[in-house]
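The values are calculated or read from the model by the stated rules, or taken from the named source; none is laboratory data. Remember, it's a predicted structure, so these values are computed and weren't measured experimentally. Cβ atoms come from the backbone with ideal geometry, glycine included; neighbour counts cover every protein chain shown. Heavy atoms of the whole protein, side chains included, go into the accessibility calculation; ligands, DNA and RNA do not. Shrake-Rupley method; radii C 1.70, N 1.55, O 1.52, S 1.80 Å.
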Amino acid sequence: MSVSSLQQGNFKLWALSFVSVALIFLIGFYFRILDWPFQAAAIAALVSFCYGLGTYARGRAWMGGMGGQMLYAIGSLVLLALGAWMIRLNGWPVEMSMLGLIAACAVVWLAVGMIVPSGLLHYSGWGALILLYAKFFGQMNPGASWPMLQLLWLPLSALLLWLSWLAHHKAKRFASIYFAVGVTLWFMPELDSLLLRQNAPDGIILYILGKLALAFIFLFIWRKKWIAWVSV
């Protein structure tokens, strides 16, 4: 969304801004008095509006490239925030309901991110899947050792990096996303232990620094290859 468009008083931009804010305000004001099917329908309508407007904005010079990405981000936050609020208002079991919400977010973000396309949404969808994977194995084996966590996460990191290489030849626009997810998974054993399980081994900071150093070494050695994968 360009500053110059705001300064020049572009009517379309101001009108769309008013409609967006008014719609969010109205849904937020009446949300708590609706039954849950209408709450779900309101969420779907508002998220669809944000994503649709974001897609429309991407092709309009007066909105600018960042305008569409901002609307995608707003729609994603609305889906997550209003979904959590709906769970609270209806008194549903928090843990299971939140897992269902995260799964729904993962499906929506992945699908929309691939169709639009939007790297932000696509990566967010993978992030939601990563959280579900971590939660599942956290319940299956809450006392997993640090070596076991490496076995849970590093093969997935290798798989996503391989998908990045494959996408470079088959679907180039996905290559950078898979590469970013693969790099994220490289550090997930430590993040899983430190943030999710809260059972970090002694010296975990040294482990993280060691893996960071290895990542930089690998990235430097194979820089000509992976830069070609992720460049558009």
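Odds and ends about this structure:
- Annotation note: Cβ proximity below 6 Å between a residue of segment 94-107 that is within 13 Å of Leu131 (Cα to Cα) and a residue that is of a type outside the set (A, V, I, L, M, F, W, C) (sequence gap 6+ or interchain) occurs for Leu101/Gly83; Ala106/Gly125.
- Residue check for Pro201: open to solvent by 50 Å² or more (accessible area, probe 1.4 Å) and not in a helix (DSSP H, G or I): no
- Residue within segment 61-80 that is open to solvent by less than 50 Å² (accessible area, probe 1.4 Å), in a helix (DSSP H, G or I) and over 17 Å from Val21 (Cα atoms) present: no
- Scanning segment 117-138 for residues that are assigned to a helix (DSSP H, G or I) and among the small types (Gly, Ala, Ser) yields Gly119, Ser124, Gly125, Gly127, Ala128, Ala134, Gly138.
- Taken over segment 165-185, residues that are within 17 Å of the chain's Cα centre (by Cα) and either open to solvent by 50 Å² or more (accessible area, probe 1.4 Å) or of a type in the set (Phe, Trp, Tyr) (or both) amount to 5.
- Condition met for Gly83 (in contact with a Cys (Cβ under 8 Å, 6 or more places away or on another chain), part of a helix (DSSP H, G or I) and closer than 20 Å to Leu34 by Cβ): yes
- Looking only at segment 189-198, and only at residues there that are open to solvent by 20 Å² or more (accessible area, probe 1.4 Å) and not charged (D, E, K, R), the one that is nearest to His122 (Cα to Cα): Leu191
- Annotation: Gly143 fulfils all but one of (1) among the small types (Gly, Ala, Ser); (2) open to solvent by less than 50 Å² (accessible area, probe 1.4 Å); (3) part of a loop (DSSP other than H, G, I, E, B); the unmet one is (2).
- Which numbered condition Leu151 fails, given (1) at pLDDT below 85; (2) open to solvent by 80 Å² or more (accessible area, probe 1.4 Å): (1)
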